[in-house]
Amino acid sequence: MSLTSGSPSASLSRRERNKQQKLERIVAAATELFAERGMDDVTTQEIADKADIGAGTLFLYAKTKGELLLLVQNSTYAEALAQGRQAAENVTDPLDAVMAVVRPVVECNRKQVDNGRTYLREIVFGDPTEPHHREALGLSAQTEEAIAAVLQRDGRLTAQDAAALARVVSAIMFISMAVSFNATMPVDDVVREIRDQVRLLLPG
């Protein structure tokens, strides 16, 4: 028997498509408004209006404005991390390879400095039970894994030591991007600051 438009399967498919379309509109609206004015100066009602949905519907996808920022930033962070991993593949020097992973992440974070710093704050202080927060924590862990993989290439570090060192590198990167006095610092200067610190940590 063929599926009709009124069957449960077809109805579910329509609901899922509708849900996905709403999510795409929310992400597009939040991305545009956050980029234009920064998260702090945008209201959830403005995002809902631009996405052509009700405010109540918006909160089904993200319970807070911080979660909305995580939703928006996570996808660009994931893309930046993928770029960094690919860039590091053909780099033999350990420090250069680590920085090949780091640089796209810094560039992603600094596209809108206030949003980038708020994103980092949400990772630290946000609700870990929220799905977008969990995804952000997962991306942070993946970044450390990518750095650890680079550090193990020449065989001088054990997997355990490489993982520990990668966590330190991640902390350096996090602080360099988050601190207030670096807010106006260009990407190249932030990357240089991270590199200068990481260089002192790597095996000679």
Practice problem: Give, rounded to the nearest 20 debye, the magnitude of the charge dipole that the chain has about its Cα centre when Lys and Arg contribute +1 at Cβ and Asp and Glu contribute -1 at Cβ. | Solution: 460 debye
Self-check item: Dmax and Rg, reported as Rg then Dmax, of region 57-204 (C-alpha, Å)
Solution: 15.5, 55
Quiz prompt | Length-normalised contact order for region 83-204 - Cα pairs under 8 Å, 6+ apart - percent | solution = 28 percent
Practice problem: Mind scanning LYS22/LYS50; LYS19/LYS111; LYS19/LYS63; LYS19/LYS50 and naming the pairs with a C-alpha gap bigger than 18 Å? | Solution: LYS19/LYS111
Quiz item: Given charges of +1 on the Cβ of Lys and Arg and -1 on the Cβ of Asp and Glu, with all other atoms neutral, how large is the dipole of region 134-204 about its Cα centre, in debye to the nearest 20?
Solution: 120 debye
Exercise. With everything on Cα atoms, drop me the angle between helix 159-178 and the longest principal axis of the chain, reported from 0 to 90° to the nearest 10.
Key: 70 degrees
Quiz item: For the chain, what's the relative contact order in percent, using C-alpha pairs closer than 8 Å and at least 6 residues apart?
Solution: 18 percent
Practice problem: For helix 131-151, report the angle its Cα long axis makes with the longest principal axis of the Cα atoms of the chain; keep it between 0 and 90° and round to the nearest 10°. | Solution: 30 degrees
Quiz prompt | 10 °C / 1.306 mPa s Stokes-Einstein diffusion coefficient of region 88-150, Kirkwood radius on C-alpha pairs, µm²/s | solution = 124 µm²/s
Quiz prompt | MRE, 222 nm, helices only [DSSP H, n ≥ 4, -39500 (n - 2.57), over the chain, to nearest 500] | solution = -25500 deg cm²/dmol
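No value in this document is a laboratory result; all are computed from the given coordinates. Quantities reported herein were computed from a predicted structural model and do not represent experimental measurements. Cβ coordinates were reconstructed from backbone atoms using ideal geometry, including for glycine residues, and neighbour counts include every protein chain displayed.
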